Amino acid sequence: MMKRIAVLVSGGGTNLQALLDAQAHGEIKGGEIVLVLSSAEGAYALERAKNAGVDSCVVARKSFDSNRAMTQAIVKELQGRNIDLVVLAGFLHILTEEMVTAYPNAILNVHPALIPSFCGAGYYGLKVHEKALAYGVKVSGATVHFVTEEPDGGPIVLQKAVAVQEGDTPEILQKRIMQEAEWVILPQAVSLFCEDRLKVDGRTVHILEHS
């Protein structure tokens, strides 16, 4: 059975595009992106979905009085479409525990740093790269992890390191990490999940050989 994938977005959808491209090239095995769900009307990610012939919908944050109410509406939408895997790709809102309860070890997020560095509440977007450069690290990168109730605290699926270079600005580093790490490991992680090759054991995710 092909696993049904939903990608949750809030903005431009560059990571969504990486997933759509990977799907078009046959790199996502055992699954298919069947829904793009946006938390904002007019997000460019919705155009990307349309161009790829993928169904989309909007569950606008501003329509709800709390993150919990929005989360409940999203869960209802996903379950109504028999979604097996949820991918957060630049989704800018905190989802409450209803999401994790509905999809235990079935929500993937990509974070633009090597967790446990530069992660957790308040670390998102350019802020991550600003903090990494301010600290003076020589290596940063990206992490794909399962989502739990702790921000950026779920079991790690894949990581890829990216060198920090002399003269990097947060914007330059952000772009390099996207191109060299995020857009590489996010499709890989999605494919591994859809091939039933991820086994979660406490904090550790084992990657199984092909059955």
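The values are calculated or read from the model by the stated rules, or taken from the named source; none is laboratory data. This one's a predicted model, so the numbers in the text were calculated from it and none came from an experiment. FYI the Cβ positions are ideal-geometry reconstructions off the backbone, even for glycines, and counts take in every protein chain you see. With ligands, DNA and RNA removed, areas are computed over all heavy atoms of the protein, side chains included. Shrake-Rupley method; radii C 1.70, N 1.55, O 1.52, S 1.80 Å.
At a glance:
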{"quantity": "Over 18 Å between alpha carbons, listed pairs Lys62/Lys175; Lys138/Lys160; Lys3/Lys29; Lys3/Lys199; Lys29/Lys76", "calculated": "Lys62/Lys175; Lys29/Lys76"}
{"quantity": "Mean Cα-pair separation over length for the range 1-113, i.e. relative contact order, pairs under 8 Å, 6 or more apart, %", "calculated": "32 percent"}
{"quantity": "DSSP loop trypsin sites (Lys or Arg not before Pro) with at most 12 other Cβ within 10 Å excluded, longest remaining stretch of the chain", "calculated": "1-137"}
{"quantity": "Loop-located GluC sites (Glu not before Pro) in the range 119-211 whose Cβ has at most 14 other Cβ within 10 Å (DSSP)", "calculated": "Glu149, Glu166, Glu209"}
{"quantity": "Between the range 1-71 and the range 128-176, the alpha-carbon center distance in angstrom", "calculated": "23 Å"}
{"quantity": "Percent carbon-and-sulfur accessible area, the range 52-188, ignoring ligands, DNA and RNA, probe 1.4 Å", "calculated": "52 percent"}
{"quantity": "Per DSSP, loop GluC sites (Glu not before Pro) in the range 1-77 with at most 16 further Cβ within 10 Å", "calculated": "Glu27, Glu41"}
{"quantity": "Gain on full stretching of the segment that runs from Glu97 to Ile207 - 0.36 nm per residue minus C-alpha separation", "calculated": "37.0 nm"}
{"quantity": "Calculated from backbone phi, Karplus (6.51, -1.76, 1.60) coupling profile of the range 42-53 in Hz, x at Gly/Pro", "calculated": "x, 5, 4, 4, 5, 5, 4, 4, 4, 4, 8, x"}
{"quantity": "Candidates Gly141, Gly154, Gly42, ranked by Gaussian network fluctuation over the chain, Cα under 10 Å, top entry", "calculated": "Gly42"}
{"quantity": "Distance cut-off 21 Å, percentage of C-alpha pairs in the range 1-112 lying past it", "calculated": "29 percent"}
{"quantity": "Accessible area per residue, Å², the chain with all protein chains present, probe 1.4 Å", "calculated": "49 Å²"}
{"quantity": "Considering only the chain, percent of DSSP beta bridges that pair antiparallel, nearest 5", "calculated": "45 percent"}
